[in-house]
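As structure tokens, the structure follows; a few thoughts come after it.
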Amino acid sequence: MDAKRETFETRLKSGAAEIEALLEHLLSPSVLSDEIARPELLRSAMHYAVLNGGKRLRPFLVVESAALLGGNRQAALRVGAALECIHCYSLVHDDLPAMDDDDLRRGKPTVHIKFDEATAILAGDSLLTYAFDVIAAPETDLPDRAKTELVLALARAAGLGGMAGGQALDLAAEKQTPDEAGIIRLQAMKTGALIRFACEAGAIISGASSDDRQRLRRFGEKIGLAFQLADDILDLTSDTATMGKATGKDAARGKGTLVALHGMEWAERQLRQHVEDAENLLSTYGERAAILSATAHFVAERKS
């Protein structure tokens, strides 16, 4: 393993540990001001949903994008934790019988299997709400303008015109396979929108210029495309034990993917192009962007 790769993997691991320590604190039994109580079953389900493994890629992107532009690290960690709450809520709800009906997530029983369906729904609802609490709270040391911009950008990325809308399109794709433009739109919404936000958030946290914000936003869009393409490849080439979740389900349900449309050779070539495009967007920052550049490669080359 070369030194640069080792540095990246060490940083990803240490970043995940920081985020998990913060999430442990945020999801503790301690009641916050203006909360009345934290029902233990619901809190336990939220804790299980969030702290059951995972690479913490999205919060890592928030923290590293902010670091690139000199942003407040502690604030970035809190925004990253908020984003992870949104991501994990989406997984809890996606796994429900009414949605993707999955029993396994990150190699463990899904929340509705471990607890029950009602508790899983409430856990997802609570994680979604808590994300905006975490950003708006006084402990997130940012100007009010930055908090407002973060809340707006995250709401747009997570809601009707973003991730939730993408899940609706994904469910519709089981009945009618979308064309190429439809597949790209679906994936940009369901998967790409939160990754785009993660990168753009670093610029908002840093109070960076509009040019920097747009550049990091485009970088996030590119690695979002790479992430989904790599996921579709892994769905065909990997197995349940490696992925920690069921594989081959999209093909079994007749859902269209770009891999199915164009073939594996095209997909691998396109994946390399996305990474190259992402790196080119970072070229203006030179060596300061080495970690984000390595993240683009990691997204494309990961095995799970």
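Brief remarks follow.
- Complete set of residues in the range 1-60 that are under 25 Å from residue 154 (Cβ atoms), polar (S, T, N, Q) and part of a helix (DSSP H, G or I): 14
- Taken over the range 40-67, the criterion of being under 20 Å from residue 86 (Cα atoms) and either surrounded by fewer than 12 Cβ atoms within 10 Å (Cβ to Cβ) or aliphatic (A, V, I, L, M) (or both) is satisfied by 41, 42, 45, 46, 49, 50, 51, 57, 61, 62, 63, 66.
- Options 22, 96, 61; residue that is of a type in the set (A, V, I, L, M) and in contact with a Lys or Arg (Cβ under 9 Å, 6 or more places away or on another chain): 22
- Picking from residues in the range 145-177 that are acidic (Asp, Glu) and modelled with pLDDT under 95, the one that is farthest from residue 127 (Cα to Cα) is 174.
- So residue 191, is it in a loop (DSSP other than H, G, I, E, B), β-branched (Val, Ile, Thr) and touching a residue at least 24 places away in the same chain (Cβ under 8 Å): no
- One residue from 96, 12, 22, 32 being over 18 Å from the mean Cα position of the chain (by Cα) and farther than 30 Å from residue 174 by Cβ: 32
- Among the residues making up the range 276-304, those that are assigned to a helix (DSSP H, G or I) and of a type in the set (D, E, K, R) are 276, 277, 279, 287, 288, 301.
- The single condition among (1) over 24 Å from residue 91 (Cα atoms); (2) modelled with pLDDT of 95 or more; (3) among the small types (Gly, Ala, Ser); (4) in a helix (DSSP H, G or I) that residue 267 does not satisfy is (2).
- For residue 214, the criteria (1) closer than 30 Å to residue 71 by Cα; (2) modelled with pLDDT under 90 hold in every case but one, which is (2).
The values are calculated or read from the model by the stated rules, or taken from the named source; none is laboratory data. Bear in mind the structure is a predicted one, so any value in this text is a computation, not a measurement. Ideal geometry is used to build each Cβ from the backbone, glycine not excepted, and the neighbour counts take in all protein chains shown.
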